[in-house]
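Structure first, commentary second.
The values are calculated or read from the model by the stated rules, or taken from the named source; none is laboratory data. This is a predicted model, so every value here is computed, not measured. Here Cβ is always computed from backbone atoms with ideal geometry, including for glycine, and neighbour counts include all displayed protein chains.
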Amino acid sequence: MLFRQLFDEATWTYSYLLAESEGGKALLIDPVREKVPQYQQLVSELELQLVYAIDTHVHADHITALGKLRELYQCETTFGDQAPVQCASRRVKDGEIIALGHLQLKAIYTPGHTDDSYCFLLTSEKPQMLFTGDTLLIRGTGRTDFQQGDARQQYDSLFNKLLKLPADTLVYPGHDYKGMTVSTIGEEKRFNPRLQVNSAEEYCRIMDNLNLPNPKLMDVAVPANLGCGL
Ligand SMILES: [Fe+2]
């Protein structure tokens, strides 16, 4: 398999390029509009055919590259079923598989950070690779205080879906602010401070008292992203 973890240093966003192999069909998860030239270069150098560009949710902190990538490659702009966007050319439901040759990427509906948040599990690799968007971060979790976020739903998504995956499942988050690149479900269960709680109520108390400022780009990014960043 071909796998690249790409970083946007302006917004601390990770994007992920997956393909069967060089010269094969590819997909991008959570691509950033400012990085399109870099994606174009990689796609052409590795002779990839970009067929899907996927957003884990409507982002508030960066502008998505989905619209630009569709213009360039006619790829499917892919969102979860609940995303409040007009520009999706493919929507996935909980449990649905996106196939890319022998690669199988399973959509998992994980509301909480937003009501349209999905994680994507690459089940065809061992260990499995989980792309968590902003639902589960390394030693953190995504905020739940805007875009129909809900701490109780996030608790359910985390504890009843993601943390039930095998301990060796690799966790690739949508952001990292401390230089971490990858973790595992087992590691997060043990060391993620947000997950050391005994009840949903305790989790909600933590999340409801974070008092974070709004993301810098929020007023620009959310409206732009509802139109795939175009
Ligand atoms: Fe987000």
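Please pick out the residue among Leu48, Leu17 that is modelled with pLDDT of 95 or more, in contact with a strand residue (DSSP E or B) (Cβ under 6 Å, 6 or more places away or on another chain), more than 16 Å from the ligand (Cβ to nearest atom) and over 19 Å from Met129 (Cα atoms).
Leu48
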Q. What number of residues within the range 50-92 satisfy the criterion of being part of a strand (DSSP E or B), hydroxyl-bearing (Ser, Thr, Tyr) and either in contact with a helix residue (DSSP H, G or I) (Cβ under 9 Å, 6 or more places away or on another chain) or more than 18 Å from Ser15 (Cβ to Cβ) (or both)?
A. 3
Q. What are the residue pairs meeting all of these: first residue in the range 95-110, first residue in contact (Cβ under 8 Å) with a residue 60 or more places away in the chain and on the phi > 0 side of the Ramachandran plot, second residue of a type in the set (Asp, Glu) and surrounded by fewer than 22 Cβ atoms within 10 Å (Cβ to Cβ), Cβ atoms under 7 Å, and 6 or more apart or on different chains?
A. Gly101/Glu20
(Q) Consider the range 111-136. How many of its residues are within 15 Å of the ligand (Cβ to nearest atom) and buried (at least 24 other Cβ atoms within 10 Å of the Cβ)? (A) 13
Q: Consider Leu46 carefully, then state whether it is of a type outside the set (Val, Ile, Thr) and buried (at least 21 other Cβ atoms within 10 Å of the Cβ).
A: no
Q) If you go through the range 25-70, how many residues are more than 23 Å from Gln104 (Cα to Cα) and not hydrophobic (A, V, I, L, M, F, W, C)? A) 15
